[in-house]
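Novice: One structure is given below, represented as structure tokens, and several questions about it will come after.
The values are calculated or read from the model by the stated rules, or taken from the named source; none is laboratory data. Quick caveat: nothing in here was measured; it's all calculated off a predicted structure. Cβ: placed from backbone, ideal geometry, glycine included. Neighbour counts: every protein chain shown. Side chains are part of the model used for accessible areas, which takes the heavy atoms of the whole protein and leaves out ligands, DNA and RNA. Shrake-Rupley method; radii C 1.70, N 1.55, O 1.52, S 1.80 Å.
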Amino acid sequence: MSGRRRRTTWTPPLRLRRTPRWEGQTPTWRQARPAVIAGALKRAAARPSGNWYVVGSSRATLARDRPYGRTVAGVEVVLWRSQDGTLRAGPGECPHLGAPLRDSRVTCGTLRCHWHGLALDGTPFAGWEPYPVHDDGVLVWVRLDAVGGEPPLEHPVVPVRPEGAGAVDAVFTGAGRCEPEDVVANRLDPWHGSWFHPYAFVGLEVAGTPEDGGDDAFAVDVSFKVARRLVVPVRAVFTAPGPRTVVMHITDGEGAGSVVETHATPLTAPGATDPRTAVVEAVVASSDRRGFALARAAAPALRPLMRRTAGRLWRDDLAYAERRWSLRSTGRFPG
Ligand code: FES
Ligand SMILES: [Fe+2]
């Protein structure tokens with residue numbers, strides 16, 4: 001193939017687009033019917049999670065000398081790697097006198113309590129019972145049957161992702177004063193995109209909703225803003241495969257095949273009066289462009305950038321989720 005022909009088949013990832021003034025956009029509130037969002041949320045809540053909760057990024061648990069601790073649904077959880085790299089998990093309180101195991105140390109794959117040296121190898125010991133744990137390569141999940149209350153599943157429902165070797169992943173973690181359903185409801189309202197995040201999205205149009213039938217998805221045509229008038233147009237499809245997860249698949253345009261998974265993990269116990277929820281968002285980006293091989297090589301440098309982008313959006317989206325919770329908890333939610 002000649003260089004000339006190759007050039008003609010190349011499509012630029014970036015387009016120039018006139019950005020309308022913020023107030024000149026078409027309002028979306030008539031389409032964003034509360035009943036449509038509430039219906040999608042209710043169906044998501046009814047899907048099984050098998051009591052699996054996303055705890056954090058797989059990368060964060062890789063240290064061999066220290067454990068990784070989190071509180072999930074009011075339960076202290078500690079995770080660490082055995083000598084062969086297998087992930088272990090269990091209650092975060094030492095079975096002797098309750099020391100916080102997240103502050104202890106790992107030596108030769110054994111978690112050793114820093115108060116009196118009790119050693120845990122991940123098997124049951126003195127009333128300490130391990131939790132089932134799953135490392136999907138991007139995220140780590142733990143199964144808490146006592147708080148989940150659903151029939152347990154052997155593995156979590158992990159969304160389909162682009163091939164690991166050909167993808168760049170980054171995980172963003174934030175937290176807000178709300179319940180997981182408030183985070184999920186925010187993601188199931190695609191109509192707020194260009195209005196609420198004008199720095200990130202231009203010309204968002206919802207091309208399909210669960211009401212159109214099909215696979216309970218929202219399809220969105222939107223341009224991601226890169227700089228001033230430079231944008232990347234894509235089609236994104238949102239689905240909720242579980243009660244605490246919303247997945248956005250890029251199905252058309254630059255980066256088709258890429259996935260953004262939003263997981264809402266309760267930090268506080270169910271029914272807490274002052275609930276807190278973590279947002280763990282995994283971006284698994286892929287592209288068949290030749291330049292993407294370079295991006296993969298630059299992944300360590302790209303990750304903070306990807307996390308910063310997600311962080312900016314989530315500052316606003318957590319404000320949305322917190323507001324929703326505050327209205328719900330005082331009986332003032334209009335939906
Ligand atoms: S509290 Fe852990 S060994 Fe005593
Ligand atoms: Fe948003």
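Novice: Condition first: of a type in the set (A, V, I, L, M, F, W, C) and in contact (Cβ under 8 Å) with a residue 60 or more places away in the chain. Now tell me which residues in the range 249-265 satisfy that. Spell out the reasoning first.
Specialist: Filtering the range 249-265 for residues of a type in the set (A, V, I, L, M, F, W, C) gives 250, 256, 259-260, 264.
Scanning the range 249-265 gives V259, A264.
Novice: Can you find even one residue in the range 24-39 that is in contact with a Pro (Cβ under 7 Å, 6 or more places away or on another chain) and modelled with pLDDT under 95?
Specialist: Looking through the range 24-39, none of the residues is in contact with a Pro (Cβ under 7 Å, 6 or more places away or on another chain) and modelled with pLDDT under 95.
Novice: Something else about it: Right, V222: buried (at least 21 other Cβ atoms within 10 Å of the Cβ), in a helix (DSSP H, G or I) and in contact with a helix residue (DSSP H, G or I) (Cβ under 7 Å, 6 or more places away or on another chain) or not? Can you show your working first?
Specialist: On the way: buried (at least 21 other Cβ atoms within 10 Å of the Cβ): yes; in a helix (DSSP H, G or I): no; in contact with a helix residue (DSSP H, G or I) (Cβ under 7 Å, 6 or more places away or on another chain): yes.
Taking the combined requirement at face value, the residue does not satisfy it.
Novice: Restricting to the range 168-192, name every residue that is under 17 Å from R328 (Cα atoms), open to solvent by less than 20 Å² (accessible area, probe 1.4 Å) and within 12 Å of the chain's Cα centre (by Cα).
Specialist: V183, V184
Novice: Go through the range 185-238 and give me each residue that's closer than 19 Å to R315 by Cα and among the aromatic types (F, W, Y).
Specialist: Selection gives W191, W195, F196, Y199, F201, F224.
Novice: Same structure, new question: Evaluate the range 246-262: report whether one residue or more is at negative phi, at pLDDT 90 or above and open to solvent by 50 Å² or more (accessible area, probe 1.4 Å). Working first, answer last.
Specialist: Residues of the range 246-262 that are at negative phi, as a first pass: 246-252, 254, 256, 258-262.
Checking the rest, the ones that are also at pLDDT 90 or above come to 246-249, 251, 259-262.
In the following step, the residues that additionally are open to solvent by 50 Å² or more (accessible area, probe 1.4 Å) were identified as 249, 251.
So far as the range 246-262 goes, yes, one or more of its residues are at negative phi, at pLDDT 90 or above and open to solvent by 50 Å² or more (accessible area, probe 1.4 Å).
Novice: I need a count of the residues in the range 101-148 that are among the β-branched types (V, I, T) and within 16 Å of ligand 1 (Cβ to nearest atom). Give the derivation first.
Specialist: Looking only at the range 101-148, we keep the residues that are among the β-branched types (V, I, T), and these are 106-107, 110, 123, 133, 138, 140, 142, 147.
Among the residues that remain, those that are also within 16 Å of ligand 1 (Cβ to nearest atom) are: 106-107, 110.
Selection size over the range 101-148: 3.
Residues are listed down the side, and each one gets a yes or a no for (1) more than 16 Å from ligand 2 (Cβ to nearest atom); (2) open to solvent by 40 Å² or more (accessible area, probe 1.4 Å); (3) among the charged types (D, E, K, R):
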| position | (1), (2), (3) |
| --- | --- |
| R105 | yes, yes, yes |
| G109 | yes, no, no |
| H114 | yes, yes, no |
| G117 | yes, no, no |
| Y131 | yes, yes, no |
| D136 | yes, no, yes |
| V140 | yes, no, no |
| L144 | yes, no, no |
